[in-house]
Amino acid sequence: MTMTGIPERVRTLEETMSSWRREIHAHPELAFEEHRTAAFVAEQLGAMGLEVETGVGGTGVVATLRHGGSARAVGLRAELDALPIAEATGVPYASRTPGVMHACGHDGHCAMLMGAAKHLSDALGFDGTIRFIFQPAEENEAGGRAMIEDGLFDRFPVDDVFALHNEPGIPVGVFSVRPGPVTAALDLFEIRVEGETCHAARPHTGADAIACSAALVTALQTIVTRDVDPIDPAVLSVTWIEGGNSWNVLPAAVRLRGTARAFRREVQDVIEARMGETVAGVCAAHGCEGRLDYERRYPPTTNSTAAARAATDAARAVAGPDRVIVDRPPTTAAEDFAFMLQARPGCYGFVGNGDTAPLHTPEYDFNDDALVWGASYWTKLVEALLPI
Ligand SMILES: [Zn+2]
Ligand SMILES: [Zn+2]
């Protein structure tokens, strides 16, 4: 054991984890297409002697490691998917697939969890069952929900489930864990504004869907400022407007799309209801008709108090007591792990990625120096939750 709390045997896995990470990084795959990545992960875990199941919820992989007689079981989750971004890192192991890259660090998450599996299967310093869960399609496509709908926790029961995400801007070797809300609910909406097309020089002969849409974008902003309790965080962003194809013709219809974020169901209820009323009212005032489609895509990610305490203790055991941030505010980004946390108690924490480019940018690269920290965290967490 070193001063930092990184087990010596995890330290010796650093190069192996780095090579796994770079192999996955060079061959990124989009949501539900992670066949090569899943096969690679399954092959490595099989070679460690784990029971490996593939094709869970599409391209998901679950590997099981048992030791001793305890009925306790813990789930540890990583993600397999990459993003539709053209990589601009210039690293030698950069994406070989044009327009697709690991810009969220899921390559690193896989490698650190595989490293933990290697260490735990060699050292066997636990009593119970570990489920290593590699989920597809974390980005936008709810691969976590797909795994649950495919019977994830019925076929591979766990008492608690944990995830660890890298975070640029937090130093390597520092963790961030908090109880309660971590990421917001992600809702998507589409509004269709139906007007009446006419010559742009004679707007009084039609119904202007563009002027109506402009008023609507402004009116929608008052939902967060006037209808939601200021104590409750909420976001409503119109991100996409489509309508018209000429200099001098007013179009028959305009389509608006966007996203809303909140941490509580009651706030989602207010936003959805007030959006419906606002669309109907503003469209009526402009002689148009409006239709709102509102979809609740991801629930909020909420850590259980007990699991967050176990995660904080594990991070402190690895990094040191003053190297774990416990008061970092939640983020309005969304996370597919929310579906797993609806099914089982657990905790979603962060490991520092150092001074790298932000997530989801072409310059981003997972920091290999974070691998031993992540793998050590997983190891400590399992040994604490499944003690011999
Ligand atoms: Zn992401
Ligand atoms: Zn991610």
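The values are calculated or read from the model by the stated rules, or taken from the named source; none is laboratory data. Quantities reported herein were computed from a predicted structural model and do not represent experimental measurements. No Cβ is skipped: glycine too gets one built from the backbone with ideal geometry, and neighbour counts run over all protein chains shown. The protein model used for the area step is the full one, side chains on, heavy atoms only, and it has no ligands, DNA or RNA in it. Shrake-Rupley method; radii C 1.70, N 1.55, O 1.52, S 1.80 Å.
If you go through segment 166-204 one residue at a time, how many are among the basic types (Lys, Arg) and over 20 Å from the mean Cα position of the chain (by Cα)?
Matching residues across segment 166-204 total 2.
Can you find a residue that is part of a loop (DSSP other than H, G, I, E, B) and at pLDDT 95 or above anywhere in segment 60-68?
Looking for residues that are part of a loop (DSSP other than H, G, I, E, B) and at pLDDT 95 or above, one finds at least one in segment 60-68, hence yes.
Say we look at segment 342-367 and pick out the residues that are open to solvent by 20 Å² or more (accessible area, probe 1.4 Å) and away from ligand 2 (no atom under 15 Å from the Cβ); which of these is farthest from GLU138 (Cα to Cα)?
ASP355
Output the residues belonging to segment 1-40 that are closer than 22 Å to GLU53 by Cα and outside any helix (DSSP H, G or I).
Once the filter is applied, which keeps residues that are closer than 22 Å to GLU53 by Cα and outside any helix (DSSP H, G or I), segment 1-40 yields HIS27, PRO28, GLU29, LEU30, ALA31, PHE32, GLU33, GLU34.
In segment 42-53, is there at least one residue being assigned by TED's automatic domain parsing to the domain that holds LEU152, surrounded by fewer than 17 Cβ atoms within 10 Å (Cβ to Cβ), under 25 Å from the mean Cα position of the chain (by Cα) and in contact (Cβ under 8 Å) with a residue 40 or more places away in the chain?
Yes, the conditions are met somewhere in segment 42-53.
Within segment 331-357, which residues are in contact with a Gly (Cβ under 8 Å, 6 or more places away or on another chain) and under 13 Å from GLU167 (Cβ atoms)?
Passing the criteria: VAL351, GLY352, ASN353, ASP355.
For residues in segment 20-41 being farther than 22 Å from TYR348 by Cα and among the basic types (Lys, Arg), which is most open to solvent (accessible area, probe 1.4 Å)?
Out of the qualifying residues, it is ARG36.
Quickly run through segment 333-355 and pick out the residues that are assigned to a loop (DSSP other than H, G, I, E, B) and away from ligand 1 (no atom under 14 Å from the Cβ).
Hits for segment 333-355 are ARG344, PRO345, GLY354, ASP355.
Only one of (1) buried (at least 18 other Cβ atoms within 10 Å of the Cβ); (2) in contact with a Pro (Cβ under 6 Å, 6 or more places away or on another chain) fails for ALA314. Which number is that?
Looking at each condition in turn, ALA314 falls short on (2).
Do we find a residue being at pLDDT 95 or above, aliphatic (A, V, I, L, M), within 16 Å of ligand 1 (Cβ to nearest atom) and crowded, with 17+ Cβ neighbours inside 10 Å anywhere in segment 291-309?
The answer is no; no qualifying residue exists.
If you go through segment 76-85 one residue at a time, do you hit one that is more than 16 Å from ligand 2 (Cβ to nearest atom) and in the same structural domain as ALA370 (by TED's automatic domain parsing)?
no
Tell me the residue from ILE133, ILE191 that is more than 16 Å from ligand 2 (Cβ to nearest atom) and either touching a Cys at 6+ places or on another chain (Cβ under 9 Å) or of a type in the set (A, V, I, L, M, F, W, C) (or both), please.
Just a single option satisfies the conditions, and that option is ILE191.
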